[in-house]
Amino acid sequence: MNTIRGRVLIAFFMLFILIGPFLLFAFNSLKKIDNAKTFRESIALFDGNRLKADNEFFHILDFDTKQDSFYIEKSTQSLQKYHHYITSAKKALNDIQIAKSNSNTIVDKRLNRISEDVDNLNANIIKVLTLIQQRGFKNFGTIGKMRQHIHKLETSAEGITLAEILQMRRREKDFFLRKDYVYAKELNSFVNTILSRLESNAEADVETIASLKGYQTSFNQVVALEKEIGNINTGLIKEIQTVHSELNDKVSTLYGIVDSDSKVMISTIKSYLVLFFSITVLFAILSAFVFSGHIAKPIKKLISDMDSIVQNNFEGQIHKNRSIKIDEIDKLTGTYNGLVNKIRQQILSLSEKNKSLSSLNVKLVESENELKEASRIKDKFFSIISHDLRGHTGNVLSLANILNEDKGEMNDQEKGMFVKYLSDASQNLQLLLDNLLNWAKTQMNDHQISKRMFDINPVIDMNVTLFKEYAHRKNI
């Protein structure tokens, strides 16, 4: 592309190619971090449902096993919650195993073990709940059958005293309260003694013996079920507690592994991001330097040529650069050359006008000098005129004052002489004013000058006469 825009687009394209791998790596890194976060959240979801299921199980043991609905309907609200939580936990664990983002074999093995433990735990819990329902409570299950037999013995037994029945019931209650199998042995030993006595008597009541054997059998079944169910120290309950504790440890260890792997992954990603970013910035700077120089070089050359033409008073032309062809620079060169030609023509035109102005300026200077000289002559003329006017008016005023101050002391001849002086002074003043008026008209181009020959002597005599009196007064 031979245009600046095209070259800038190429520069941006190259920069995008440089930044592309960095952006792709950053995107994949964010995706991995997000997957690791989702993986941990899935583990937390599984662990939360598992713990809720365990809580519901122990709630069933403490409360639901003492409700009739547990044995009649085989279900309670807590039991339904347990199944819901354990199902959700298994589903979350299955999702973790399917969508896990970590290829660590240790994590895979621990997930498999956890899955096996959850299945084992759930199987034991279901088994315990089944055994509890089989064991029964009050009038349900094996305990219900045992109570039926003992109630029958209490109401219609023959050959067994009430004290013996009460002793059996006492040992039975001791066993259920203390879960001590010594009381079960004592009860069996006591029942066997009674059975031996009854069976040795040919007249013994068959129904009493059958009820007593039924009671003993039911009691032993309950004892066996209790032993299998166990408590926190024995049986299935202990096994459930053990598996539950192991699950807690395994989940905690899994959390630690996942967090450690996430930290290592994030640290590695940060290192690679810094490296990729540094390389990208370096290449971007180098590319920008190369492309800017490729674009700026012809512009600098053009600017240098322009300066040279300006210094040479716009003489010459800019030649197009054939080594680096840029359309905008070529167009600018042509436009500038056209502008230089116009400027050169303007300079020539201005030069001609300058010469005309210089000639006019000389004339103006001459006119100015003439006006100054005329002004100087005018000032001198007015100075002379003012002096002459002052002299004539002074004569007229002096003669008038003399005549005005006369108190009859002068004779007619003297008065006639002063009147003649006054008349001559007035005529001279009149003549001066007429000459001044004529000169003013000549200055206003309102007077036609008629040149002729004349005798200058009368003019001289008149002026001599005009100044004669002043000279006489000053003795000159």
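The values are calculated or read from the model by the stated rules, or taken from the named source; none is laboratory data. All values reported here derive from a predicted model rather than from experimental measurement. Here Cβ is always computed from backbone atoms with ideal geometry, including for glycine, and neighbour counts include all displayed protein chains.
Inspect region 197-207 for any residue being farther than 30 Å from Gly159 by Cβ, free of Cβ contacts under 8 Å to residues at least 24 places away in the same chain and aliphatic (A, V, I, L, M) and give the result as yes or no. Scanning region 197-207, I find no residue that is farther than 30 Å from Gly159 by Cβ, free of Cβ contacts under 8 Å to residues at least 24 places away in the same chain and aliphatic (A, V, I, L, M), so the answer is no.
Results for (1) assigned by TED's automatic domain parsing to the domain that holds Asp54; (2) closer than 20 Å to Lys238 by Cα, shown as yes or no for each residue.
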{"residue": "Ile125", "(1), (2)": "yes, yes"}
{"residue": "Arg135", "(1), (2)": "yes, yes"}
{"residue": "Arg147", "(1), (2)": "no, no"}
{"residue": "His151", "(1), (2)": "no, no"}
{"residue": "Thr161", "(1), (2)": "no, no"}
{"residue": "Glu164", "(1), (2)": "no, no"}
{"residue": "Arg169", "(1), (2)": "no, no"}
{"residue": "Tyr181", "(1), (2)": "no, yes"}
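The listed residues are Ser189, Ser211, and the only one of them that is farther than 23 Å from Tyr71 by Cα, of a type in the set (Ser, Thr, Tyr) and without any contact (Cβ under 8 Å) to a residue 40 or more places away in the chain turns out to be Ser189.
Residues checked against (1) assigned by TED's automatic domain parsing to the domain that holds Phe137; (2) surrounded by fewer than 19 Cβ atoms within 10 Å (Cβ to Cβ); (3) part of a helix (DSSP H, G or I); (4) charged (D, E, K, R):
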{"residue": "Gly48", "(1), (2), (3), (4)": "yes, yes, yes, no"}
{"residue": "Ala53", "(1), (2), (3), (4)": "yes, no, yes, no"}
{"residue": "Ser75", "(1), (2), (3), (4)": "yes, yes, no, no"}
{"residue": "Lys81", "(1), (2), (3), (4)": "yes, yes, yes, yes"}
{"residue": "Ile96", "(1), (2), (3), (4)": "yes, no, yes, no"}
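For beta carbons closer than 6 Å, sequence separation of 6+ or different chains, a first residue in region 215-228 that is without any contact (Cβ under 8 Å) to a residue 40 or more places away in the chain and a second that is assigned to a helix (DSSP H, G or I), the qualifying pairs are Gln216/Val191. Candidates Ala92, Ala123, Ala163: the one that is within 60 Å of the chain's Cα centre (by Cα) and either of a type in the set (Lys, Arg) or surrounded by fewer than 17 Cβ atoms within 10 Å (Cβ to Cβ) (or both) is Ala123. Each residue in region 128-160 was checked for being surrounded by fewer than 15 Cβ atoms within 10 Å (Cβ to Cβ), among the charged types (D, E, K, R) and either closer than 26 Å to Asp62 by Cβ or in contact with a Gly (Cβ under 7 Å, 6 or more places away or on another chain) (or both), and 1 of them qualify. Within region 46-73, residues that are touching a residue at least 60 places away in the same chain (Cβ under 8 Å) sit with their Cβ atoms under 9 Å from residues that are outside any helix (DSSP H, G or I) and not hydrophobic (A, V, I, L, M, F, W, C), at 6+ positions apart or across chains, in these pairs: Ile60/Thr76; Lys66/Lys138; Asp68/Lys138; Asp68/Asn139; Phe70/Thr76; Tyr71/Gly136; Tyr71/Lys138; Tyr71/Asn139.
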